[in-house]
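Worksheet for the structure shown next.
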Amino acid sequence: MSIKVRNTTRYLLTEQLKMTGWSVLALFVVFGILPLLFAVITGNIRQYSPLGNFASLSLGPLFFMLIFIVGSLTYDNFKLLIQNGISRQTYFQARVFALLMLSGLLVIINAIYYYGIHAPYLHWSTNTALMRTGYSLYSHALGNQVWLNILASLCFNWIFYIGVGLTGIACGTLLALFGKWAKTILIIGTPIIGMLIIWIMVIIMTRNQSNYNYTGLENFLKFIIGYPSHGEATTGYFNPTMPFITMLVGCGIIGGLAYLFNRKLRIRN
C-alpha cells in the first residue's frame, strides 16, 4: 500500500467512523431517552428498564444501512481529494480498504453486543443465539463446535457487508456522474421500474403456473442457498459453500462496476 493510499484510507475511515459513532449515539438516545420520557409522562417509571431498552436493540439493521450510506457518499470526498492531488485510482483503492476495515469492525462490534449483551439478557444459550441469526441455515455446518460456527457466521456477515458497501459505492458513483435532475429521476424511477418488473413477473408466473415447469429454477435456487443434496433439509445443516462463493462473485462483479463508474468521475463546474 502506497503512502497516498494509506493516508487517503485513514482520512476516509476517520470520517466514516465519526458518522458511525454519531449514528449509534443517536440510536441509544432514541431508545434510552424517549422511553424514559414516555414512562415519566404516563406514570410508569417503575417499569422503565434502561438495561432492557439497550439490550433489546438490534444493531445489525443499523450497520446494514450505515455501510450502504457510507459507501454511497461519493462526490464530496472525490472533489476534495482530487483537488489535493489524489488520483481516481488512489481514491477508489482507499475507499475499498476503508470499506474492508469498517465492515470488519462493525461485524466485530455487532457480535460482541449480540452474544455478550443481547443474548444473555434474553437468557439465550450461545447455540440458540446463533440459530436466531441470518446464518441459521448453516449454523451447524461445521459440526457441533459452536464457536467455530460463530466464526464462520462472522466471515459470512463480513462478506455480506462488503457486498452491501460495494453496492453503495457503485450506486453513489453512478449517481455522481449525473446532474441534479437526472439524479432525481434515477432515484425515483429506478425503484418504481423495479417493482413494476417484479409485479409483471409475478403475474406471468402465476397465470402460467400450469403451463411452465419451474423445477430447473427451483433446483438452481436450492443449489445457490446450499440445500442438502442428500438426506433431509434441516435448518442448521445447509451447505454454506455456495452462498460464500456466490457472495464473493457478486462482490467481484459489483466492485468491477464501481471501478468503471469511478473512472468516469469528473468535477462539476
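The values are calculated or read from the model by the stated rules, or taken from the named source; none is laboratory data. In this text the structure is predicted, and so the values were computed from the model without any measurement. Positions of Cβ are generated from backbone atoms using ideal geometry, with glycine treated the same way; all protein chains shown enter the neighbour counts. With ligands, DNA and RNA removed, areas are computed over all heavy atoms of the protein, side chains included. Shrake-Rupley method; radii C 1.70, N 1.55, O 1.52, S 1.80 Å.
Quick notes
- Within the stretch 57-262, the percentage of alpha carbon pairs spaced more than 31 angstrom apart rounds to 36%.
- Within a Gaussian network of the chain (alpha carbon springs, distance under 10 Å), most fluctuating of 240, 191, 35: 191
- Mean separation of Cα pairs under 8 Å and 6 or more residues apart, divided by the residue count, gives the chain a relative contact order of 25 percent.
- Structure remark: mean-square fluctuation, Gaussian network model of the chain, C-alpha springs under 10 Å; the largest value among 94, 176, 39 belongs to 39.
- Spatially close lysines, pair count over the chain: Cα under 25 Å, gap of eight or more or interchain: 9
- Ordering of 96-109, 245-258 by packing [mean C-beta count within 10 Å, highest first]: 96-109, 245-258
- Per-residue ³J(HN,Hα) for the stretch 14-31, Karplus 6.51 cos²θ - 1.76 cosθ + 1.60, θ = phi - 60°, Hz, x for Gly and Pro: 4, 5, 5, 5, 4, 4, 5, x, 5, 5, 5, 4, 4, 4, 5, 5, 4, 8
- For 123, 140, the ranking by accessible surface with the largest value first comes to 123, 140, using a 1.4 Å probe.
- Here the peptides 16-24, 149-157 are ranked by packing, the mean other Cβ count within 10 Å, and the order with the highest first is 149-157, 16-24.
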